[in-house]
Amino acid sequence: MKYQVKETKYLTEAEIKHILELWDISAWNTMKSSYFRSFFKDSEFHFLMDMDESILAIMRVNFDFTLQIADTGYSFAEAVGLVSAHKKKGYGTALVKHFKENVTQRNLETIGFCHADLRSFYEKCDIEILHDKAKMIKESIGSEWVNSEDDDILIFHTSQKRKELLNQLSVQNNAYLMNKE
């Protein structure tokens with residue numbers, strides 16, 4: 001197995017097609033490569049590949065992600081779109097471990113989100129979890145601010161100060177998602 005990181009502009013047509021198949025989001029299934037590259041221009045992709053260069057697992061990093069907490073904007077790299085091509089083979093776990101090492105070496109402030117039912121997976125991957133803190137993040141939907149659908153914030157790599165800020169989120173101290181793809 002091989003760990004690989006690619007900027008969006010360097011993805012091949014076959015890789016884009018495979019990514020879209022793995023993500024299986026109906027609104028994106030017919031997305032053309034040129035639109036994909038434009039839509040995900042502020043991203044990079046992390047792969048676990050087999051010896052034939054087939055994708056075993058994928059994760060995307062969104063660099064267009066800012067949370068406003070108490071009138072201050074905090075930019076993070078957001079880890080999203082983790083999918084394994086084959087369930088229960090350990091590919092997702094292996095990719096998350098490589099990913100965490102990568103963002104730590106690069107000192108890249110990186111968080112992610114998950115639903116409560118995925119906690120055990122991320123615990124197995126040794127990812128720190130801020131339980132029930134994602135619900136304290138408000139997202140703009142039309143003219144309203146609504147709570148995030150996720151439960152937890154995943155800490156892949158971030159400073160102690162930022163981790164404490166995220167851990168202090170509450171009903172009285174919400175964060176607001178400022179950038180949206």
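The values are calculated or read from the model by the stated rules, or taken from the named source; none is laboratory data. As the structure is a prediction and not an experimental result, all values here were calculated from the model. Don't worry about glycine lacking a Cβ; one is built from the backbone with ideal geometry, like all the others, and counts go over all protein chains shown. When the accessible area is computed, the model is the full protein with side chains, heavy atoms only, and any ligands, DNA or RNA have been set aside. Shrake-Rupley method; radii C 1.70, N 1.55, O 1.52, S 1.80 Å.
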**Prompt:** With respect to Lys138, is the statement that it is surrounded by 15 or more Cβ atoms within 10 Å (Cβ to Cβ) and either in contact with a strand residue (DSSP E or B) (Cβ under 6 Å, 6 or more places away or on another chain) or assigned to a loop (DSSP other than H, G, I, E, B) (or both) true?
**Reply:** yes
**Asked** Where residues in the stretch 47-98 are farther than 25 Å from Ala14 by Cα and of a type in the set (Phe, Trp, Tyr), which of them is most open to solvent (accessible area, probe 1.4 Å)?
**Response** Tyr74
**Request:** Kindly list, by first and then second residue, each pair from a residue in the stretch 90-119 that is under 18 Å from Asp64 (Cβ atoms) and modelled with pLDDT of 95 or more to a residue that is surrounded by fewer than 16 Cβ atoms within 10 Å (Cβ to Cβ) and not charged (D, E, K, R), limited to pairs with Cβ atoms under 7 Å and residues at least 6 apart or on different chains.
**Result:** Glu109/Ser159; Gly112/Val80
**Message:** Please count how many residues of the stretch 102-128 are assigned to a helix (DSSP H, G or I), open to solvent by 20 Å² or more (accessible area, probe 1.4 Å) and of a type in the set (A, V, I, L, M, F, W, C).
**Reply:** 3
**Asked** Here are Glu7, Glu21: which of them is more than 26 Å from Ser140 (Cα to Cα) and out of contact with any Ser or Thr (no Cβ under 9 Å at 6 or more places or on another chain)?
**Response** Glu21
**Message:** Quick check on this structure: which one of Thr72, Thr8, Thr12, Thr66 is of a type in the set (Ser, Thr, Tyr) and in contact with a Gly (Cβ under 9 Å, 6 or more places away or on another chain)?
**Reply:** Thr66
**Complete:** Pairs returned, first residue in the stretch 163-177 that is modelled with pLDDT of 95 or more, second residue that is part of a loop (DSSP other than H, G, I, E, B) and surrounded by 14 or more Cβ atoms within 10 Å (Cβ to Cβ), beta-carbon separation under 8 angstrom, 6 or more apart or interchain, are Leu166/Lys133; Leu166/Thr158; Asn167/Lys133; Leu169/Lys133; Ala175/Leu169; Leu177/Phe65; Leu177/Ser148
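Of all residues in the stretch 26-36, how many are part of a helix (DSSP H, G or I) and either in contact with a Leu (Cβ under 7 Å, 6 or more places away or on another chain) or closer than 22 Å to Phe76 by Cβ (or both)? Working first, answer last.
Residues of the stretch 26-36 part of a helix (DSSP H, G or I): 26-28, 33-36.
Filter once more, so that each one left must be either in contact with a Leu (Cβ under 7 Å, 6 or more places away or on another chain) or closer than 22 Å to Phe76 by Cβ (or both): 28.
Number satisfying all stated conditions: 1.
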**Request:** Give the residue that is farthest from the chain's Cα centre (by Cα), with candidates limited to residues of the stretch 82-101 that are farther than 12 Å from Asp50 by Cβ, among the aliphatic types (A, V, I, L, M) and part of a helix (DSSP H, G or I).
**Result:** Leu95
**Request:** Among the residues of the stretch 138-167, write down those that are over 18 Å from the mean Cα position of the chain (by Cα) and aliphatic (A, V, I, L, M).
**Result:** Ile141, Val146, Leu165
**Asked** How many of the residues in the stretch 26-43 are open to solvent by 60 Å² or more (accessible area, probe 1.4 Å), more than 16 Å from Val83 (Cβ to Cβ) and of a type in the set (Ser, Thr, Tyr)?
**Response** 4
**Message:** Any residue in the stretch 33-44 that is free of Cβ contacts under 8 Å to residues at least 60 places away in the same chain sitting within a Cβ distance under 7 Å of a residue that is open to solvent by 60 Å² or more (accessible area, probe 1.4 Å) and not in a helix (DSSP H, G or I)? List the pairs, counting only those 6 or more apart or interchain.
**Reply:** Ser43/Phe63; Glu44/Glu7
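Working only within the stretch 5-25, note down all residues that are part of a helix (DSSP H, G or I), within 19 Å of the chain's Cα centre (by Cα) and closer than 24 Å to Lys87 by Cα. Quick ask: steps written out before the conclusion?
First pass over the stretch 5-25, keeping only residues part of a helix (DSSP H, G or I): 8-10, 13-23.
In the following step, the residues that additionally are within 19 Å of the chain's Cα centre (by Cα) were identified as 8-9, 15-16, 18-23.
Within the stretch 5-25, Glu15, Ile16, His18, Ile19, Leu20, Glu21, Leu22, Trp23 meet the criteria.
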